[in-house]
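What follows is a single structure, written as structure tokens, with notes after it.
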Amino acid sequence: MRKVLLAICLFFVNLSLGLSQTAVWTEFDGAYWQKFDGLSVNGENYLIRSGSFRPFLGMGLGKSWSLGLMGDFLAYRDREADVSSYLPVYNPNSPQPENPEIIGYQQINNFTAKSNAYFSFGMFLRKSVQLGKRTSLNLSLYGLKGTGAEGNYEIFPEFYPGWNCPMCLSFVPGPLEFRFKEESWRFGLDFGFNWVLSSWMAFGLKANFFEFRKQILSSYPQISNGFELPQWPSGNSMNYGSRIGFGSAVVREGIRVSINFTPFSSGKSEAQ
């Protein structure tokens, strides 16, 4: 697979250099943010560390069209559906204090999330619409394929005052973590605004307004990182298999800042 990707890259580079030096351009865009999503255990807050960095290599096709290769270094954390666990309720007046009597169980809803970081590779087709001497709108159709084998499914056990298990806090200092694999396919429409700073460099703002996404999630045959009691949920509580979604990716990925380089520009001062 690596040899095929390398051959595709060399084909595009050699073809673009052979056709026209002024047609070659590179672009980088990225977004990064942190926020607290309400997940905590033992009084600690866990931040969402999400972000995306995308490199582009484009070749001009005429005055307003471009075709090229792109990648995406993606790190994300998504909230999952809550799962239930059942904690024992002990008799406060047990006749045998050394062997507390269980008189029932209490259902607790546990927060969950999944996180992963991986690289995707794909292609894009871009149409540029000139607005002024230095400004333009860019519409890009893109497709990306990625695989991440280091995903974590996190379950946050609910500890509450009065739970008769004083040693359990030392067993689970943080969320229970279960590894999973992910295969991702993404196809969408990228909308951007560019402003030319010089004949060879431009800045822009971009967003994925429409995106079709398919995730294929699979689990590892493993135990969790924590002290998993039978009444606690396990990694089997995650919804594995194929997940399909379509809609705007702006809420999930945010607005990205881009920088475009045209190193072999002929010196034009307007937007390319």
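No lab work stands behind these numbers, since they all come straight from the coordinates. The structure displayed is predicted, hence computed values, not measured ones. With ideal geometry, Cβ positions are generated from the backbone for all residues, glycine too; neighbour counts draw on all protein chains shown.
Of the cross-linked pairs Lys35/Lys206; Lys63/Lys145; Lys145/Lys181; Lys114/Lys214, those separated by over 19 Å at the C-alpha level are Lys35/Lys206; Lys63/Lys145. In loop segments of the stretch 88-161 as defined by DSSP, the trypsin sites (Lys or Arg not before Pro) with at most 15 further C-beta atoms inside 10 Å of their C-beta are Lys133, Arg134. Computed over Cα pairs, the Kirkwood radius of the stretch 41-157 leads via Stokes-Einstein (0.692 mPa s, 37 °C) to a diffusion coefficient of 170 µm² per second.
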